[in-house]
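Coordinate-derived values only; no laboratory data. Here the structure is a predicted model, which means the values were calculated and not measured. Backbone-built Cβ (ideal geometry, glycine too); neighbour counts: all protein chains shown.
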Amino acid sequence: MRLGRGIADIRSALHLRMSQVPIISERTASAQFAAPQARWAAFALVLIAEIVLLSMRFDTSSLNDDSGEWALAVAITPRLIRLALITVVVAAALSWSKAVRELNQSGRKPLWNRTAYGWIALHAAGLLTFVWMTAEILERDRAAGKFAGYWTVAWAASGALTAVSWALAAMPWRNWRRLAVQMRAGLAVGVCVALSVWISESFGEGIWQPLARSTVQMVHAALQLLYPNVICEVSNLTIGTTTFSVRIDPDCSGYEGMTLVLAFFGGYLWFDRDSLRFPQALILLPIGVAASWLANVFRTTLLVAIGSSWSESIAMGGFHSRAGAIAVSSIALGLVIVARRSHWFSKASSQAAEWKNPTAAYLVPLLALLAMMMITGAFTSDFDYLYPLRVAAVAAALWHFRRDYQLLFGQTEWLTKPLSEFRGLCLAFAIGFAVFLLWLALEPLGQTRGDAEDFASHLQAMPRTWAVLWLAFRVIGSVATVAIAEELAFRGYLLRRLISADFEAAPAARFTWLSFLISSLAFGALHGRVLAGSLAGALFAFALYRRGRICDAIFAHAGANALIAARVLATGDWALWT
């Protein structure tokens with residue numbers, strides 16, 4: 001009896017002790033996880049807003065011609081800030097999973113305390129001082145004169161105070177130090193990319209002219225194969241035909257593309273060094289540089305040929321501005337493919353056939369859309385007559401990954417719960433209708449009637465049959481291929497990738513402020529309408545959150561685009577499609 005009573009007492013004590021342990025529900029844990037992310041997102045948005053407003057308010061170009069050393073120190077500050085942003089963006093892109101892990105660990109402790117509020121107040125004071133001193137230096141010429149040095153040092157100190165107080169308000173110093181350690185590899189590559197850009201800008205004047213002269217000579221040899229009369233003046237870097245000629249500027253000499261390819265592939269070699277064979281992999285660096293220069297020669301030759309035999313507006317418009325980016329991107333992507341698939345360069349090339357990238361099904365359709373936009377934009381000027389190629393490119397990508405979408409889109413319950421499925425689609429369409437009204441309300445803020453008139457004039461100039469076909473492809477692309485590709489990328493991948501590195505393991509219905517805000521803002525930035533696009537992205541995310549199905553977001557997006565297409569065709573308000 002005593003033994004039984006003792007065991008009963010022990011059980012009662014354990015039960016009392018366990019009852020005193022606080023139980024955290026899943027909703028509470030999710031809220032605690034989301035709160036630090038929302039805080040970091042808010043601080044990031046504040047920093048971006050401050051940089052944008054300062055760049056809009058002040059312009060240091062007026063100091064470029066000033067011979068004073070203090071004025072020059074102020075004039076190069078925007079370049080230094082841009083290089084710093086390049087470093088941070090590259091580091092974040094390459095070390096995103098490590099950064100998120102460290103930020104999540106640091107967010108377990110309460111950060112909203114008196115110290116944080118003190119740093120926020122100091123940041124506000126430093127920002128006001130920095131704005132006032134910037135106005136004094138740029139508008140009252142304080143950087144030149146007897147006390148120029150004191151003014152410049154005080155101005156730099158106020159800027160440093162503004163930046164440091166923002167960082168310490170966002171997160172304690174010890175967390176920043178641990179974050180830097182976790183991202184050290186990405187930061188190293190980011191610094192290399194920033195230095196490459198700086199070298200390209202600073203020392204390009206010394207190397208671009210020899211490259212330009214060799215480019216003119218190579219283009220001259222290529223054009224002689226196509227045209228009987230070729231104009232070539234190496235002294236002033238002019239090349240062309242009797243009907244169309246161009247002058248090789250620094251941007252057209254090829255050194256920028258060579259620098260970008262070198263920086264990009266150098267970073268790739270560092271991050272993928274464990275699976276590459278050295279030193280033979282280093283051979284790809286000079287190959288990439290040479291390929292970039294030859295691609296620039298081919299681009300310039302094609303530019304002259306298009307301007308001479310086809311359209312001068314297309315040559316100096318879309319082709320001149322986009323062909324270089326297409327060439328550099330193609331070379332970089334091609335080198336990575338060669339490095340991974342070649343037995344001579346890669347250690348794991350034999351396993352390439354067995355390896356499958358889970359992100360491809362989500363991102364390739366949108367990448368195909370963007371790539372085709374660049375290609376068709378290079379061969380059109382004011383109106384994209386080749387829009388049907390965009391639809392074909394996205395449709396081909398979706399068809400290629402059709403087996404991956406069977407599970408993704410096969411979550412409906414029409415046979416068991418038809419009424420519930422019908423209500424879900426009705427709500428998704430209602431969200432699409434809300435996006436449609438929102439888009440119409442905000443559209444006049446960014447469009448002019450001139451855009452609509454130009455669009456209508458180009459459409460009327462087409463033969464009637466081709467115009468009808470073009471409009472049909474425009475509607476199909478907007479309602480079907482574009483809606484699916486964008487939702488797969490933004491709500492299917494990005495929104496969940498911001499929650500976990502293993503994005504497929506993250507539930508689609510899981511809400512965090514960081515993933516919600518960043519994915520919505522990125523969606524708005526892609527469409528060139530930050531306000532309207534971000535609000536539309538937020539509503540499409542809400543459609544996804546309701547039942548955790550990507551189909552609902554796609555249906556809401558398709559519904560909004562279908563309503564916009566119907567309004568365009570019914571009223572002729574072509575500005576909605578420009």
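Things to note:
- Annotation note: chymotrypsin sites (Phe, Trp or Tyr not before Pro) in segment 234-337 located in DSSP loop regions with a Cβ neighbour count of at most 15 within 10 Å are 310.
- Under 5 Å, built H, 5+ apart or other chain: amide partners of residue 276: 347
- Footprinting exposure proxy for 487, 453 (fewest neighbouring C-beta atoms within 10 Å first): 453, 487
- Applying the Karplus relation 6.51 cos²θ - 1.76 cosθ + 1.60 with θ = phi - 60° to segment 166-177 yields 3J(HN,Hα) values of 4, 4, 6, 6, 6, 6, x, 4, 4, 6, 4, 5 Hz, where x marks Gly and Pro.
- Listed by Cβ neighbour count within 10 Å, with the fewest neighbours leading, 458, 400 appear as 400, 458.
- Fewest-first sequence of 387, 405, 362 by Cβ atoms within 10 Å of each Cβ: 405, 387, 362
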